[in-house]
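First comes the structure, then the notes that go with it.
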Amino acid sequence: MELGSIVVIGASAGGVEAILELVAGLPRDLPAAVCIALHIGARPSTAPELFGRAGRLPAVFATDGAPLVPGRIHVAPPDHHLLVAPGRLHLSRGPQENRTRPAVDPLFRTAAEAYGPAAIGVILSGLLSDGTAGLSAIKGRGGTTVVQDPRDALYPGMPNSALAHVAVDHCLPVSGMAGLLVRLTKGQEVGPPPSAVTSARAKGTVPPTATARETIRMDGEYELNQPVALCCPICGGAMKESSVDSLPYYSCHIGHRFAAENMDAAQFDMLEQAMSVALRTLNERTALCERMATAAEAKHQTLTARRWRDAAREAGERAETLRRFLEQDWIRPASNAEDRNETGEG
């Protein structure tokens with residue numbers, strides 16, 4: 001079966017109940033892949049098992065690089081954003097969005113980029129506004145937007161936010177959503193026709209472009225953009241830059257002040273301290289995992305012991321990488337007085 005469109009679903013508080021009711025009505029021959037981002041955080045979850053039992057579609061935790069399969073439910077696993085590329089799934093432990101990982105917005109944004117008019121976004125019960133920006137991206141790319149009627153939601157925050165900020169195509173109770181999604185995915189509802197490029201991407205016949213890969217990284221992984229402002233090395237507050245004669249000066253809004261050379265020194269100390277804490281934590285994790293492996297071996301739990309050994313080896317390898325990084329010399333421009341000779345000073 002070819003993948004004609006993609007359905008992305010976002011939910012938070014009260015969302016499990018809504019998803020169970022929705023997936024119960026989806027047919028086995030649904031010509032679309034279904035991707036779900038539910039606010040489960042880092043805790044263990046049996047969501048795929050619950051969703052698979054509720055209806056006729058198999059449900060699995062998404063894995064990095066796995067193909068998008070029509071008639072299958074792909075669930076964001078704990079502590080990972082679920083991202084979509086043409087024909088593929090990607091996982092990321094990038095920064096939390098709206099205080100959660102997995103979050104709805106990264107899934108929706110990447111679905112909009114990869115599938116355009118072939119993307120169908122669904123917002124269900126939840127608090128606050130996660131999913132609103134992503135639903136707007138789907139709408140902006142010509143996709144279809146669906147929102148649970150707030151009166152039908154256990155927690156109407158996410159539906160209300162979406163309705164307040166996005167020109168939503170369909171707002172209805174969950175009980176009517178399965179039928180709507182069947183009609184949408186089978187082209188029986190009025191909607192913008194996919195472009196030729198979008199159709200090819202939806203069928204997985206066009207590989208992701210460099211732009212698509214860059215967009216996925218931007219939307220679900222850590223970014224190194226130009227800082228809006230420098231932060232105070234003491235309190236973390238935003239700093240403003242001024243000058244005393246020709247000397248650059250930095251001050252935060254509660255009064256910590258640094259000349260440029262002092263700012264460099266304080267920033268370096270903060271950097272070294274942060275990396276030292278990370279190194280110490282990795283070393284402690286190595287020790288913890290080794291102890292847990294030994295305990296498991298004493299109970300003849302071979303598989304558990306192997307996993308703990310693997311985790312210990314991983315932590316040790318990363319600690320060693322960080323140790324070598326810390327031992328490298330750093331360029332310290334502010335401490336090099338020789339440059340003054342270039343201006344005839346000294």
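Please determine whether any residue of the range 13-20 is in the same structural domain as D149 (by TED's automatic domain parsing), closer than 23 Å to P159 by Cβ and modelled with pLDDT under 95. No, the range 13-20 has no match at all. Annotation note: Cβ proximity below 6 Å between a residue of the range 28-51 that is farther than 22 Å from G4 by Cα and a residue that is in a loop (DSSP other than H, G, I, E, B) (sequence gap 6+ or interchain) occurs for H39/S12; I40/P78; A42/P78; A42/D79; S45/P78.
Close Cβ contacts (under 9 Å, 6 or more residues apart or on different chains) running from residues in the range 320-333 that are touching a residue at least 60 places away in the same chain (Cβ under 8 Å) to residues that are hydrophobic (A, V, I, L, M, F, W, C) comprise W330/F268; W330/L271; R332/A265; R332/F268. Give me a count of the residues in the range 125-151 that are in contact with a Leu (Cβ under 8 Å, 6 or more places away or on another chain) and either more than 21 Å from L83 (Cβ to Cβ) or charged (D, E, K, R) (or both). Here the count works out to 5. With a requirement of 1 or more residues that are at pLDDT 80 or above, more than 26 Å from the chain's Cα centre (by Cα) and within 26 Å of P106 (Cβ to Cβ), the helices (runs of 4 or more DSSP H) lying completely within the range 135-248 that satisfy it span 177-185.
Scanning the range 303-332 for residues that are loosely packed, with under 10 Cβ neighbours inside 10 Å and outside any loop (DSSP other than H, G, I, E, B) yields a total of 3. The residues listed here are I9, I40; of these, the one that is modelled with pLDDT of 95 or more, crowded, with 24+ Cβ neighbours inside 10 Å and assigned by TED's automatic domain parsing to the domain that holds V182 is I9. When L271, L288 are screened for being modelled with pLDDT under 95 and part of a helix (DSSP H, G or I), only L271 passes.
The values are calculated or read from the model by the stated rules, or taken from the named source; none is laboratory data. Computed from a prediction, not measured in an experiment: that's the story for all the values here. Virtual Cβ from ideal backbone geometry, glycine too; neighbours counted across all protein chains shown.
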